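Worksheet for the structure shown next.
The values are calculated or read from the model by the stated rules, or taken from the named source; none is laboratory data. If you're wondering where the values come from, they're calculated on a predicted model, not measured in any experiment. Positions of Cβ are backbone-derived with ideal geometry, glycine not excepted, and every protein chain shown enters the neighbour counts. Note: accessible area is taken over every heavy atom of the protein model, side chains too, but ligands, DNA and RNA are not part of it. Shrake-Rupley method; radii C 1.70, N 1.55, O 1.52, S 1.80 Å.
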Amino acid sequence: SIRANRKLAALLKYEKGYLYKSLGDKNTPRRGLYKNPIIRRGICALWFANDQDEGIEFSEVFNPMPIHAIALILTTVECVINMWTTGVKRSVAFHSVEYRPIYLYHIEQLEIFGQYTRERNLLGKLCKRLYIEAR
C-alpha cells in the first residue's frame, strides 16, 4: 500500500538504515553494517552482469571493490529510496548537485569505518567480500 511504501522509505532513510542487513526495532538494535544485500545486488547489476562488464574486464580495478564504487552504489540506493518517499514511485533525477554531497558522505563514512576497525581490517574484508560475491 501507499502508506506501507512511505513508511518503509522513511525507515530505510532514517539514519541511513539501508546500510544495514537488519533494521532492528525499538527493542533490537540494527545489525550488519554494510551487509544489506542491495549493496551486492547493485554492484552485480552495474559492473558484473555479464562477461563483458567492467568488473569482469578490469578485475584488477575492482578487486578488492574500491570504496568509491561502494559509495556510488550507496548513493544510488538512496536515490531509489527517494523515488518512494511519497509512497508511490516517482521519477527522481540522479544529479550531481543533489547527490554529490551524499556520495562524499559515504566515502567519508567508509574511510572512518576503515580507521575505526583497522585492527580487524573490516573495511578491507568488506571490499574483498563484495568483489568475491559479485564475481
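Working note: Karplus 6.51/-1.76/1.60 with θ = phi - 60° gives the range 36-50 the couplings 5, x, 5, 5, 5, 4, x, 4, 4, 5, 7, 10, 9, 6, 8 Hz, where Gly and Pro are set to x. With 0.36 nm allotted per residue and the present C-alpha distance subtracted, the Asn50-Arg129 stretch has 26.5 nm of extension available.
What you get for the range 59-131, charging only the Cβ of Lys and Arg (+1) and of Asp and Glu (-1), is a dipole of about 240 debye around the Cα centre. With all projection directions averaged, the alpha carbon convex hull of the chain covers 9.4 nm². Projecting the Cα atoms of Leu110, Tyr34, Tyr20 onto the charge dipole of the range 10-121 (Cβ charges, centred on the Cα centre) puts Tyr20 farthest toward the positive pole. Counting only Cβ charges, +1 for Lys and Arg and -1 for Asp and Glu, the dipole size of the chain around its Cα centre is about 860 debye. Cross-link check: pairs Lys26/Lys125; Lys16/Lys128; Lys21/Lys125; Lys89/Lys128; Lys16/Lys125 evaluated at a Cα-Cα cut-off of 27 Å; pairs beyond the cut-off: Lys26/Lys125; Lys89/Lys128.
In this simple spin-label approximation, Phe94 and Arg6 carry label points 7 Å from Cα along the Cα→Cβ vector, and these lie 2.7 nm apart. Among the protein heavy atoms, those of His68 account for about 100 Å² of accessible surface (1.4 Å probe, every chain in place).
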